[in-house]
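All remarks here apply to the structure that follows.
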Amino acid sequence: GYAALEHQLKSTAPKEREQAIELLAYYDDQIALSILEKQLTSEQDKGLREDIVKRLTASTHAKASLLLETCLQDKRHESVRQLAFTGLVERFKTQNNPLHPLFKALETSHHDIAILALKALAPHAKTNPRAEQTLAQALNHTQPTVRLLALSLLEALYATDAKADLQGLQSQHSDVQRAALIRLYQRQLLSAFEVQRALVRQQDNSDTAV
């Protein structure tokens, strides 16, 4: 029963724990998933943690998606986060909200899955207002690589328009503001009326680096 499997999960032999994980995944019910959730937290072996995430992806139980969302916040293993992200994308592919995993990944502070989410989200931005809005919000992401990628993707979205860089100037982060100014210069858009107006406002910016 479940008690025996919980005891087996305390074994010092990884093979023993792996067998217990496999059987719990086979049961695939509320109790089994709750045990797997606890094991994911306590398990020290990265390979076994990855195995649990893969089995949650394959689960037919609705709770598995919630557990995978929790894994997006995992601070111990990048591979666990990435497997959870790809698993969620796969599980939501046939749902009425297939972009949900992308939004959830961008809510985290982890640049690895946030970058994956941005790249997957960009193609939807032309036709999905929320996707477009989320790209713009990513200009204020906690991770520099994420917010600078967001600026690049927005530029591609708006093509020759200055809209992306104007949004970049409004970012809370000076690196994005600087990048937007440089791009406006490189794209020869500094003389556009809306850019001039934005630059006048920008003069009040207290960050001398901008």
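Count the net charge of all other residues whose Cβ sits under 11 Å from the Cβ of Leu99, scoring Lys and Arg as +1 and Asp and Glu as -1. Charge balance in the 11 Å sphere: +3. At a probe radius of 1.4 angstrom, the accessible area of the chain per residue rounds to 54 square angstrom. Using a cutoff of 8 angstrom between alpha carbon atoms and counting only pairs six or more residues apart, the relative contact order for the range 1-117 works out to 17 percent.
Working ranking of peptides 143-149, 169-175 by packing, defined as the average number of other Cβ atoms within 10 Å per residue, highest first, is 143-149, 169-175. Peptide packing for 6-13, 54-61 was compared via the average number of neighbouring C-beta atoms within 10 Å per residue; ordered from the highest value, the list is 54-61, 6-13. Note: relative contact order over the chain, using C-alpha pairs below 8 Å and six or more positions apart, is 9 percent.
Take every pair of alpha-carbon atoms less than 8 Å apart whose residues are at least six positions apart; their mean separation over the length of the range 52-142 yields a relative contact order of 20 percent. Look at (1) 124, 25, 22; (2) 73, 36, 21; (3) 52, 39, 28: the one that is Cα extents along the principal axes in Å derived from this structure is (2).
The values are calculated or read from the model by the stated rules, or taken from the named source; none is laboratory data. Just so you know, these numbers come straight off a predicted model, no measurement behind them. As a convention, Cβ positions derive from the backbone with ideal geometry for all residues, glycine included, and neighbour counts pool all protein chains shown. For the accessible areas, the whole protein counts, side chains as well, though only heavy atoms, and no ligand, DNA or RNA atoms are used. Shrake-Rupley method; radii C 1.70, N 1.55, O 1.52, S 1.80 Å.
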